[in-house]
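What follows is a set of notes on a single structure, which appears directly below.
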Ligand SMILES: Nc1ncnc2c1ncn2[C@@H]1O[C@H](COP(=O)(O)OP(=O)(O)OP(=O)(O)O)[C@@H](O)[C@H]1O
């Protein structure tokens, strides 16, 4: 399956809570090109996860429409994969069995010997790509936080998604692991080409990874700046010293400062 254009038109989301209505999103308008890597940054609580949940079909907008390849999103769609901040691995399954879970959920028979061999090979290839060769028979509790998140990324990619959505996937990791995960993710993106929508609090991470960074306002969130990142790929350590990288980071900081989200002491 091929990645398709995403169109988000006048999308709004209001939650009805016991304390009253909470408007999370206000008139979000966006087009996302197939195969692009788009990051979303914004202040805490501005509606980033809400937007991703709507895109993933895990919730429905209270206004506007989201279309993927011209079809209105209504419910989880084939070809979509989501990685959350918490890895959500099943503790009683080995690493390989966790990665192969989507096949079982989609009804591919576990007993089919040929599928089983091919899929296991795919899982092992992915593990090798994220530096976890030989860890297939371990259990999640035997892995570090970074290793666990690598496994959950493998589980998403084994489905060969056309749209990969990642909600703060490195948010719970230490700084060094987080940096390594960025390099790993770019390698995987290069190999497993698909559209990526990536939510992060880190401006540097967003600029380093993306073709485009969308900056959201405070709640009710909407897109207040759409920045094209014109840094060639493959990106590496020296990209982070590039004047254009630093300019983009500065521009995004400037947006937050002008909104009063970031203040200097
Ligand atoms: N299911 C829900 N019911 C009620 N309110 C909700 C629900 N989900 C989110 N909200 C509210 O919507 C707003 C946006 O939440 P959301 O989680 O999308 O923000 P976010 O930008 O992802 O935040 P963070 O960066 O802190 O993770 C918040 O005020 C939140 O309290």
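When only C-alpha pairs under 8 Å and at least 6 residues apart count, what is the relative contact order of the chain, in percent? Provide the component values of the computation, followed by the final result.
Working: 479 pairs, mean separation 68.7, N = 265.
Normalised by residue count, the contact order of the chain is 26 percent.
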Legend entry - Rel. contact order, % - alpha carbon contacts under 8 angstrom, at least six apart, region 130-236: 21
Inset, instruction - Using the number of other C-beta atoms within 10 angstrom as an exposure proxy, rank 205, 33 with the fewest first. - result: 33, 205
Legend entry - Rh by Kirkwood over Cα pairs, then Stokes-Einstein D for region 91-208 at 1.306 mPa s and 10 °C, µm²/s: 107
Legend entry - Spin-label pair residue 22/residue 262, simplified geometry with 7 Å Cα→Cβ offset, distance in nm: 2.6
Legend entry - Segment residue 128-residue 2, extension gain: residue separation times 0.36 nm, minus the distance between their alpha carbons: 42.9 nm
Legend entry - Cα extents of the chain along the three principal axes, largest first (Å): 57, 42, 35
Legend entry - Percentage relative contact order, region 24-130, counting C-alpha pairs under 8 Å, at least six apart: 15
Legend entry - For region 122-183: rounded, prolate or oblate by the Cα gyration tensor [a/c cutoff 1.5]: oblate
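Among the DSSP beta bridges whose two residues both lie in the chain, what percent are antiparallel, rounded to the nearest 5?
Approximately 55 percent, going by the DSSP bridge assignments.
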Inset, instruction - With the Cα gyration tensor of region 53-99 in hand, give its eigenvalues times 5 under a square root as the equivalent ellipsoid semi-axes, listed largest first in whole angstrom. - result: 29, 12, 7
Inset, instruction - Express in whole angstrom the spacing between the alpha-carbon centres of region 185-221 and region 46-84. - result: 16
Inset, instruction - Return one number: the angle in degrees, 0 to 90 and rounded to the nearest 10, between the long axis of the Cα atoms of helix 175-191 and the longest principal axis of the Cα atoms of the chain. - result: 70
Inset, instruction - Compute the Cα gyration tensor for region 198-238, then decide on rounded, prolate or oblate, letting a ≥ b ≥ c be the square roots of its eigenvalues: rounded whenever a/c is under 1.5, prolate when a/b is larger than b/c in the other cases, and oblate in all that remain. - result: prolate
Inset, instruction - Could you calculate the contour length gain from residue 85 to residue 14, that is, 0.36 nm times the residue separation minus the distance between their Cα atoms, to one decimal place in nm? - result: 23.2 nm
Inset, instruction - Specify the angular offset, from 0 to 90 degrees and rounded to the nearest 10, of the alpha carbon long axis of helix 145-157 from the longest principal axis of the alpha carbons in the chain. - result: 80
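When a/c reaches 1.5 or more, the comparison of a/b and b/c decides; with that in mind, is region 174-258 rounded, prolate or oblate per its Cα gyration tensor? Kindly include the intermediate steps, with their values, before the conclusion.
Numbers: a/c = 1.69, a/b = 1.45, b/c = 1.17.
Prolate is the answer for region 174-258, as a/c is 1.5 or above and a/b outweighs b/c.
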Inset, instruction - Compute the acute angle (0 to 90°) between the alpha-carbon long axis of helix 113-129 and the principal axis of greatest extent of the alpha-carbon atoms of the chain; round to the nearest 10°. - result: 50
Inset, instruction - Give me the Debye-computed log₁₀ of I(q)/I(0) at q = 0.15 Å⁻¹ for region 150-213, equal point scatterers on Cα only, no solvent, two decimals. - result: -0.42
Inset, instruction - Could you work out which residue, out of 218, 168, 104, moves most in a Gaussian network model of the chain, that is, has the largest mean-square fluctuation with Cα springs under 10 Å? - result: 104
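Computed from the coordinates by the stated procedures, all read-outs in this text should not be read as laboratory data. The structure presented is a predicted model; accordingly, all values stated were derived computationally and were not measured. Every residue, glycine among them, receives a Cβ derived from its backbone with ideal geometry; neighbour counts consider all protein chains shown.
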